[in-house]
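Read through the structure below, which is laid out as structure tokens, and then see the notes.
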Amino acid sequence: MSSDETPNVPTPRSSREAVREKAQQVNARQSKARILRGIIIGAVAIIAVGAIGTAVTMAVTSSVTKPTLSPTGMDGDGIVVHNITDASAEAVPATPMPLETEAGATTDPTPEPTVTPTAVDVHIYVDYLSPGAGEFERANARQLAGWIKEDAVTVTYHPVSMLTASSNGTKYSLRSAAAAACVATHSPEQFYAFNHELLVDQPEVDSDGRSDVELADLAVAVGVDSPKIVRNCIEDGDFASWAKEATMRALDGPLAGSKDLVLTSAPMIVVNGEAYIGSLKDPAEFSQFVLTVASDTDATPTPTPTPTETPAP
């Protein structure tokens, strides 16, 4: 049986148009996919680059140490003692510690000479954990204070940190030197008293030593100006890097006031460029050394004035 219905077969023209339209649709979808992929990849790259940059910045920042702050009023990494008051002089021991004889017995110290030196430059390198530094201060503080009051000598204390490894890891030697620099910077009038207290009341070697809070408490106790500023300076360790570097400079030499001396021990006392190698406990021996050095450098001792007789009427 025949039928006049023809199969639903597209003509060649309509078939080509359909294929073209379908291809355009596929291309459009692929283009959108490519654009979307590009956006996603770009965003990921931006995030990755940002993360890397942040990581690098953090690494560099963490590797940069705290900048070295330098104390003010220093002379060759030392603090010149000025303006010794009567009260400050009375704070030192009235009688120097007894002297040791060859047999191990003790004797009373020789009275202070009645002649004081002039034009003498004394540099004292102190480690606040060094027993020898404490011995020298206890024995000689009174006559040094008297010479300073009379303008007979210039005394400069140099805090160093040679015993940093001898305090159970607390670095007391370094921290106390930095604390002294804080007082010298922010309250120079009280440096002498603070320095003296650190030396005459020392912790033992291989002990923890004072904490930063205790060092700040001691500074406040001696009457520093601006106690809050001094406390923050000490507790934040503002001058710790300086104390370490100043010690290295002293070890490399030359020491202040000398031509070729280097730091070999603490204490180390340099008078007009010459190192004192006598007893740290004998103020008379140190006084004689100072007078001898002054004489050798053409400094004329100043004798104690002798009263003149009044003519009889």
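Here, each number is a calculation from the coordinates, and none is a lab measurement. Here the structure is a predicted model, which is why all the values come from computation and not from measurement. A quick note on method: Cβ atoms are made from the backbone with ideal geometry, for glycine too, and the neighbour counts reach across all protein chains shown.
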Cβ-Cβ FRET estimate between A165 and E245, R0 fixed at 22 Å, reported to 0.05: 0.80
DSSP-assigned coil residues among GluC sites (Glu not before Pro) in the range 179-250, each with at most 15 further Cβ atoms within 10 Å: E204
Label-point gap, in nm, between D151 and T264 - each point 7 angstrom along Cα→Cβ: 3.6 nm
Sparse-neighbour loop sites [chymotrypsin sites (Phe, Trp or Tyr not before Pro); the range 130-183; at most 13 other C-beta within 10 Å; DSSP]: none
Label-to-label distance, nm, for residues given as S279 and S211 (7 Å Cα→Cβ offset): 4.1 nm
Proximal charge balance of Q202 [Cβ under 11 Å; K/R count +1, D/E count -1]: -4
